[in-house]
Structures are given as structure tokens and as C-alpha cells.
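Take a look at the structure below.
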Amino acid sequence: MLVILALMSVLPQDYVNLVLTEQYDDAICYCEQMIQKNKNLYLWKLELGDIYHNRLLDYARAEEVYRDVVENYKHKDGWAYYRLAQVLEMREDFLNSARMYEIVATRYRKAPLDSFSLMGVERCFKKNYQDYVAIIDGYRITRLELDERTGRGTQLARSDEMAVLDRMITDRLIYASAVKHNVIASDFFKRDFDNRNHMLLLDEVRTCEVMAKAAPSEKQMKDYYKKNRENFKVREQVMGKEIVVESDSLAQVLLDTLNKDVAAFDSLAKQHSIESTARNGGLMGVVYPGRKPAAADSVIFKTEPNTLSGIITFDGKYGIYYITSYKPEQYRAYDEVVKQIEPQVRAEKVSREEEALNARLRKKAKLVVYEDSIVAVLKDATDQSREVTLAEVNGRPITWSMVLRRNEAMIPQFAKVDLTRTDQVQEMINTIFDDELRLELAWRNKYFLHDGYFTQLKETMKTIMDQALYQKVVVDAIVIDSQAVEKEYTERRAEFKVPESARVHEILVDSKELADRIHKELVSKPESFDSLAAVYSTASSTLRGAESGLIRKGMMGDKYDSVLFSLKLGEISRVFEVRNGAWTVIKLVEHHPEHYRSLDDVRHIIESGMKRQLQGELAASFLERIREEADIQILLAEPEVPSESESETEQ
């Protein structure tokens, strides 16, 4: 397990609750009050910086706080320097960030800080490398970065560095534009970031508190091998060839031939054997006890390799076997199965460590469930009830809306619970308890400082900023005018034409004579249509009370249309042929003339189409504009195009 700052383990619960319930202004005031009271200044200064760093993403303010700690407070470890290095890296001050990481790596050689700082040094080295391939408004893309990006791509990407570099330039322009438009302050970004940040923190807690502890030791794997040795048993087996025939005399002739020349086994098997193995020259593959008839088993498992078995009689057949190898029942050695054992032992330990972590966190926690509130919410699940508190974890409320959101986020879909049942609601509350306690552990132990979390956060932030920028400059910028929709509807009205259609009751039979008799009875007793259909009709519509389903003009062909659409409601048709040998009688029960779908019916379709088109155009023009406005210097040499003579020489 990674060891984290001990001094961060005793933060007051009321302060932690302010952070975890996103009351950041109050949390900042709390830190400032503790600083004014001269209460553990080093700790509370770092706490203040951490809120700006991880929660508000205000890296300028975080840098200011961390610099104050580094310059004015004595500290026993390198975590203040490390924090400062991270925020400088986020602010793209890679040179000074590398210096801070280097201070940590050289002065404070203690796990896990030493490995974290070395990773930071490596990242900053790639940015500070002096071989540039492009400069965008002063921001440099280095040769090392391009090589790394190219190496992650496909073979085609690796062969076209210029295309990869162009994508990197576009990514940079989008990120810079997102910063310029301050998308971090948008509701879109905050909502998405909070969700993903929680997931990253939960993953980091699991990595440190579960996965790191679940790595199996050599002793545990050997113990598992001993306890489960039977699982690694290799059954007795032979390999060889067979010839099976139905004649004793033929078998004797074949055996005489094989005794003289065993190399003829393949050709004789293909020519005479009645088994499916004949096509492969009698080759049986691996044979375990019980795969062959008992009489054959009793002989072939005692036959010496590279010898013939003699004739074996079973089930009126005669078999000759040539055994090429024999392996007795045995156990696979530990060294052979260690790679198979490791994931099994790890999986068992992961399950135990998960349960142990939850139990450990719950033991120190104050968990309360308000059963009356759960019952009340299920009886009256209105919008007002969404903020009803159903439970508390260390004084933090768990509301009905939190339960709904958590259930909606369950993966896979089958993991979702039935929130109309009290017991299932309580089950989801227990899941939230575990999540909340892990998030609290993450803040107390500062898991957001870990290198694994930090590197994932950087990529996650870029993704969300990209999406938030698109939302702001493309999606939110488009307003569809109602008159434009009406105009589009008029111009595309033909697309919304609904052809003439009808529903019928039908009787389908296999002969015209039977159809004529049915038709005659229907003419005299029209009300008997459904009962006659149930008795005589072979159509699948019989299961639906002879209902055909909606038939649009043109679906059934001209002949069918000419009959169907000449009928009046309730009228029974003449007998007519629908396909070779099949005859039908129909009764019109519903008719819809040709018409056009109304504007109200198709408005959402038109608006969606218009939005997609406008969004595509606006996004393209936005990218074109930011490229034109940017100072882009491409320093990567264009690949040389071989001359015609060189191409001919290569060919």
C-alpha cells in the first residue's frame, strides 16, 4: 500500500463535510479561520491550497498558497514542493515544475513521493526538450511528444508524422480556446467534472487500498496450489492412429500388412476405416480414458508407444491401434501453472480486501438510515421529495435524488435495483455509504496527489473541456427560428407524405374452391368472418383475430391494392389470388387516405436535422477561424518525395 501523509489523517469532520458537500466557500473560510487562530499553520495552509488545486481548479490561487508554504514554513517532507510542482505543471510552467519535482526527488527520497516526483520530472522533460516540431502561439510541441503520440497510433499513423502533428496542433488550439472561453466555470463542465473526478478518486482508493494489498505472495500461491492440486491433474492419455472395420478377415489382412510395413497405416486407414478419423489417416489426437469403447481402452492404455495393438473386438467391429505416445496420470508442476494461479489468488484477495476496506471504514463511521423517510418517498415520489434526506453518513445527507442518480449510473444495466421496493432502496443507500466513505478517505489521505490519479485527471480535464467548448460555442450558439422550420417543412413536404393505408381482416386458404365456399357463406352471414377465419385461415394473422396489421399502398402489389382500396368500410371483397396456390377474402375494417404529416408531428425531426447541419458548419468554421488566428510554426521537415528514377530503382 502507498503510504500517505500522516498529518492529514485527523482533519475535523465538520470541515471534511464542507469539502465533500461542495460548500467550498465555507471550507475556505474554515481554513482561513484556523490560520488566523494560528492553529497548525502548515496543515491548514496546505488544506487551503488543496481546495483551490483539486476542487476549484484555480491553479493560480493554489500556486500562491503553496509558494507561501514552501518559502515560509518548515516542513519535514516534500509534499508542499510536490503540490507546487503539480499546479505549475497544470499552468504549463514546465521548467519551474521540473525544478520542484527535482527538489522532491533529490531531497525527500521516501516512497511514494520519490516515484511520483520522478514521473513528474519525466513528463516535464518531454516538454522542456529543446527539439521542437511545432510552436503554436508560443506553446511548444517537442520531438519526444510527437514520437510518443505516433508510437501509440496505428501503423498508418506511424508512417505519417505530419498527420499526427496536425492532430496535436488541433488539440492544442481547442484546449487553448477552452481556456480562453473559461469553460471550467460552465455548468456543463462542473457537472461532468464532478462525476468523473469522483470516479477517478474511487479508482485511486481501490488501487491503493485494495489492489496493492491483493498482490499475492509466493507463499499464498504455493498454498493455493497445494489446496487445489486436483485442479491441476493431467489425466492419463495416449496419442496414436486407428483403423476400424466391420470384418474380422479384413482386419486380419490389414494387421498382417501393417506388421510388415507400419508406414502404410495412413493409406490403409483412409481406404478401409469406417471411423471419422479415416480422412486424417486414422489420426485420433489426444485420447483420454472413456473416450473409446471399454475393450479398446483396456488395450490401448497398456500398449507400448510405437507398437501396434493387435485386433480388438468391440460392438461387432474390429479395431487396430498404433500408439505413438503415452502419458500417465500426473500433476502439473507449480512452475507450469503459476501464471494460471496468480490471477485466481489475486481475485480471491481482491474480494476479501474490498470487504475488509468497507468494514474498516464503516467501523469508524456514523451511518444513519431514516426508514420512515424511505417509506414516505416511495408513497409520494414527487419532485419535491427528491431532496428528502433518507440517510446520513458522518453527518452528510443522502437524499432521494442521490439514490436515483447512483442507480442510474450502475453498470451494467442489470446491476440496477428496483427503487419501488424499500429493501432495494436501502441496498442502494449502502452502496452510497461505501462510495462516500471512500471519497472521504481519498480527501483525508490526499489521493488526488498520486501520480496515477494526476495523469488521468489531466487527460480527463482536456476531454471535458473539449466537450464544454463545443457546447458553448456550437450547441448553445444555435437557435432554430420557427419560421425557418416552417420554410424547411414546406420545401420538404413531399418527404412527409403518408401513403394511403388500411387494415383488413383476412382469410387465407390453399384452394380457390374452399375460398369460394367461404365467400358464399360470408355473403349470407357477414358476422361469421372471424369464426370462419379461426377455422380455415392459414395466415399468421389468425393469431391476432385475423387482423392483418397496417397495409400501405404498394406493399402488397398492384393486384392486391386494386381490390383493397376499392372496398368500403365493412365490405367483404371477392375471392382473389395473392400468390400461386393461395387465395384470400378480405374485409376492410380501417382506412386512412393519403395525407401529409403535420408540422407539429415532424417539427422535432426538422429541428434536429437543422441543428446537426448547423453544428457541423459552425464547428468547421470555428476550427478554421482559430487556426487562422493562431501563430502556427511547423518545424517538422516535410518527407522527401522520391524522384521518378529513385522510384523505378526501388521497384
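For segment 477-498 and segment 234-273, what is the separation of their C-alpha centers, rounded to whole Å? Result: 80 Å between the Cα centres.
Only protein heavy atoms count here; under a 1.4 Å probe, V287 has an accessible surface of about 10 Å². Within the full protein context, the accessible area of R123 is estimated at about 50 Å² for a probe radius of 1.4 Å. Building the convex hull from the alpha-carbon atoms of segment 300-381 and averaging its projection over directions returns 15.5 nm².
Rg over Rh for segment 541-592 works out to 0.92, using Cα positions for both radii and the Kirkwood form for Rh.
Accessible surface comparison of D171, D248, D510, probe 1.4 Å, protein chains only, largest first: the order is D510, D248, D171.
Tell me, what is the per residue accessible area of segment 167-295 in Å², probe radius 1.4 Å? Intermediate values should be presented prior to the final figure.
Numbers: 7040 Å² over 129 residues.
Here the residues of segment 167-295 average 55 Å² of exposed surface.
Step through the table entries K227/K339; K416/K458; K260/K317; K76/K126, compare each Cα-Cα distance with 21 Å, and write down the pairs that go over it. Pairs exceeding 21 Å: K416/K458; K260/K317; K76/K126. For a straight C-alpha distance cut-off of 13 angstrom, the aspartates and glutamates reachable from K568 (same-chain residues fewer than eight places away being disregarded) are E590. Secondary-structure-derived ellipticity at 222 nm for the chain, considering helices only, amounts to -17000 deg cm²/dmol, per-run term -39500 (n - 2.57) for DSSP H runs with n ≥ 4.
Here the calculated FRET efficiency for K190 and M410, from their Cβ-Cβ distance with R0 = 25 Å, stands at 0.65, rounded to the nearest 0.05.
Give the dimensionless ratio obtained when the Cα radius of gyration of segment 216-356 is divided by 2.2 N^0.38 Å.
On the way: Rg = 21.7 Å, N = 141, 2.2 N^0.38 = 14.4 Å.
The reported ratio for this selection is 1.51.
Per atom type, the chain shows carbon and sulfur on 49% of its accessible surface, probed at 1.4 Å.
Cα centroid separation, segment 91-164 to segment 177-233: 24 Å. Note on exposure: R396, R196 ranked by accessible area (1.4 Å probe, complete protein assembly) read R196, R396, with the most exposed listed first.
Of the chymotrypsin sites (Phe, Trp or Tyr not before Pro) in segment 366-468, which ones lie in a loop per DSSP and count no more than 15 other C-beta atoms within 10 Å?
Numbers: sites: Y370, W400, F414, F433, W443, Y447, F448, Y453, F454; in loops: Y370.
Passing both the DSSP loop test and the Cβ count: no residue.
Based on the Cα coordinates of the chain, what is the per residue volume of their convex hull in Å³? Kindly include the intermediate steps, with their values, before the conclusion.
Details: hull volume 254.0 nm³, N = 651.
Hull volume normalised by residue count: 390 Å³.
Estimate the FRET efficiency between D476 and T389 by the formula 1/(1 + (r/R0)^6), using the beta-carbon distance for r and 41 Å for R0, to the nearest 0.05.
Numbers: r = 34 Å, r/R0 = 0.83.
Working from the Cβ atoms, E equals 0.75.
Hey, what's segment 109-162 come to in accessible area per residue, 1.4 Å probe, Å²?
I get 59 Å² per residue for segment 109-162.
Work out, step by step, the length gained on full extension between H591 and A356: first 0.36 nm times the residue separation, then minus their alpha carbon distance; give nm to one decimal.
Result: 77.8 nm gained on full extension.
The values are calculated or read from the model by the stated rules, or taken from the named source; none is laboratory data. What you are looking at is a predicted structure, and each value in this text was computed from that prediction instead of being measured. Every residue, glycine as well, gets a Cβ built from its backbone with ideal geometry; the counts of neighbours run over all protein chains shown. Heavy atoms of the whole protein, side chains included, go into the accessibility calculation; ligands, DNA and RNA do not. Shrake-Rupley method; radii C 1.70, N 1.55, O 1.52, S 1.80 Å.
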